[in-house]
Amino acid sequence: MSLNKARDPLQQATSASPASTGVNRLEVVTFKLGEEEYGIDIQKVQELRGYDAVTRIANAPEYIKGVVNLRGIIVPIIDMRIKFKLGEPTYDQFTVVIVLNIAGRVVGMVVDSVSDVITLTGDQIKPAPEMGSVLDADYLIGLGTLEERMLILVDIDRLMSSEEMGLVEAAAAT
């Protein structure tokens with residue numbers, strides 16, 4: 001399946017978040033998983049937290065680390081290194097949980113580290129090539145280029161919706 005699907009990556013990103021800061025801009029939080037750098041729409045980020053112990057849920061998929069109680073809300077925690085099959089995760093002082101608000105649901109996403117917040121213009125966002133089995137291209141907005149850096153821009157709404165969200169909701173309900 002081809003990613004291009006006759007869609008403009010910036011239009012896809014900004015249509016997912018109509019209240020974006022500007023028509024031709026996408027503000028993203030950048031984070032690392034292994035050696036690769038990723039970006040997600042900052043409007044989906046509720047907060048950043050250090051990684052704490054989680055309560056494991058029996059029979060949950062391996063990438064669902066468990067749940068935490070965040071100010072009275074039970075939040076499922078997904079380890080993106082496991083989800084993307086990027087090797088064994090390690091948890092250290094740089095490990096961050098990005099707390100997301102996706103379609104009114106709160107979900108935590110474990111990443112190796114958070115880099116910064118950057119604003120990309122339409123010229124800096126290119127369609128992504130097919131990524132194979134590492135990351136389904138349906139979950140990509142495109143590639144962001146910023147000087148020497150290349151960011152894999154993830155459509156976090158699409159990634160956390162569908163089957164994954166159903167599993168996450170089931171884990172949080174138990």
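Nothing in this text is a laboratory measurement; each read-out follows from the coordinates by a stated rule. This one's a predicted model, so the numbers in the text were calculated from it and none came from an experiment. Cβ coordinates were reconstructed from backbone atoms using ideal geometry, including for glycine residues, and neighbour counts include every protein chain displayed.
Annotations
- The modelled label-to-label distance between Lys85 and Asp52, using points 7 Å beyond Cα along the C-beta direction, is 3.4 nm.
- Charge context of Pro89, other residues only, Cβ under 15 angstrom, K/R +1, D/E -1: -2
- Modelled label positions at Glu36 and Asp92, each set 7 Å beyond Cα in the direction of Cβ, lie 2.1 nm from each other.
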